[in-house]
Amino acid sequence: MNNVFVSNHPLVKHKLTLLRDARTEHKKFRELIRELAMLLGYEAMADLDLEDRPVQTPLAMAPGYHLREDVGLIPILRAGLGMLDGFLEMLPGAQVWHLGLYRDEKTLRPVSYYNKLPVDPTVQVCLILDPMLATGGSASAAVEVLKNWGVKRIKFVGLIASPEGIAAVSKAHPDVPIHLAALDDHLNERGFIVPGLGDAGDRQFGTG
Ligand code: PRP
């Protein structure tokens, strides 16, 4: 699938292994999510548009650049919150628009419970942040919200996805690139990614 980008960076592989480890405690887990978000964000933002903005150095004028587009970061509550800090460190001027979605445990369908988007879009590019893409229901729902909002350029940045979820999101939204640290083996009968890392929200916030 040519809209799926799985990072090949050694640091991503190293940190993801620590993140998956069942012995990793909440504090370390949060640090790793933040660090992985920065590494994946670096790759996901490689095609942001620039405009020329020459700069005066102490010696002479030099070519310079400025981000042309306004970027919105859309963390999906709760688990996406852990990725937000890493992105904001790299992109301190980004707008943050929270979306609250949880997955109904029986139907596995996403349930919307919070939406902080204003009526009209205020950004040109949206990056959806959510560590896990399992059935793909939450990611597709988030993309639909943003498309209805009027944003044309949308990317999903996650950590781990299932093949089933990727197929579902790619079919519904082939125009949305998906950036990942890993594409795992399958979904189990409870809709968990295997081997995955467990519940990313619970492991970040100590609620498991
Ligand atoms: C998890 C995860 C995604 C969603 C993925 O959230 O963070 O948002 O499930 O599943 P899907 O691809 O099948 O929709 P969860 O519902 O556990 O909520 P939480 O982040 O509040 O823990």
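Counting only C-alpha contacts under 8 Å and six or more residues apart, can you give the relative contact order of the chain as a whole percent?
23 percent
Sort Arg190, Arg103, Arg53 from largest to smallest accessible area, using a 1.4 Å probe on the heavy atoms of the protein chains.
Greatest to least solvent exposure: Arg190, Arg53, Arg103.
So the label point goes 7 Å from the Cα of Met1 along Cα→C-beta, right? Which residues of the range 166-192 then have their backbone N under 17 Å from it?
Of the residues in the range 166-192, 166-188, 191-192 have backbone N under 17 Å from the label point off Met1.
Can you tell me what share of the DSSP beta bridges in the range 19-163 is antiparallel? A percent to the nearest 5 is fine.
40 percent
Going by accessible area, probe 1.4 Å, with all protein chains left in place, what is the ranking of Leu197, Leu39, largest first?
Result of the area sort, largest leading: Leu39, Leu197.
Give me the percent of Cα-Cα pairs in the chain that sit more than 28 Å apart, rounded to a whole number.
Everything past 28 Å amounts to 26 percent.
So what is log10(I(q)/I(0)) for the range 1-109 at q = 0.11, 0.21, 0.22 1/Å, when the Debye sum runs over its Cα atoms only?
The Debye formula, applied to the Cα set alone, gives -0.51, -1.24, -1.28.
In whole Å, what three semi-axes, largest first, describe the equivalent ellipsoid of the range 68-113 built from its Cα gyration tensor (square root of 5 times each eigenvalue)?
Its equivalent ellipsoid spans semi-axes of 26, 11, 6 Å.
Over all distinct Cα pairs, what is the inverse of the mean 1/r for the range 115-206, reported as the Kirkwood hydrodynamic radius in Å?
13.7 Å
Ranking request for peptides 87-100, 156-169: highest mean number of other beta-carbon atoms within 10 Å first, then the rest in descending order.
156-169, 87-100
For the range 1-138, report the accessible area per residue in Å² (1.4 Å probe, heavy atoms, rounded to an integer).
Result: 58 Å² of accessible area for each residue.
Percent antiparallel among DSSP beta bridges with both residues in the range 99-208, to the nearest 5?
If I count the DSSP bridges inside the range 99-208, around 40 percent turn out antiparallel.
Could you tell me which of the pairs Lys28/Lys152; Lys116/Lys171; Lys28/Lys147; Lys27/Lys171; Lys15/Lys155 are separated by over 32 angstrom between their Cα atoms in the structure shown?
Pairs exceeding the cut-off: Lys28/Lys152; Lys28/Lys147; Lys27/Lys171.
Give me the percent of accessible area attributable to carbon and sulfur for the chain, probe 1.4 angstrom.
55 percent
Calculate, for Gln124 and Asp199, the FRET efficiency according to 1/(1 + (r/R0)^6) with r their C-beta to C-beta distance and R0 41 Å; round to the nearest 0.05.
Taking R0 as 41 Å, the efficiency between Gln124 and Asp199 is 0.80.
The values are calculated or read from the model by the stated rules, or taken from the named source; none is laboratory data. Everything quoted here is computed from the prediction, not taken from an experiment. Cβ atoms come from the backbone with ideal geometry, glycine included; neighbour counts cover every protein chain shown. These accessible areas exclude ligands, DNA and RNA; they are computed on the full protein's heavy atoms, side chains included. Shrake-Rupley method; radii C 1.70, N 1.55, O 1.52, S 1.80 Å.
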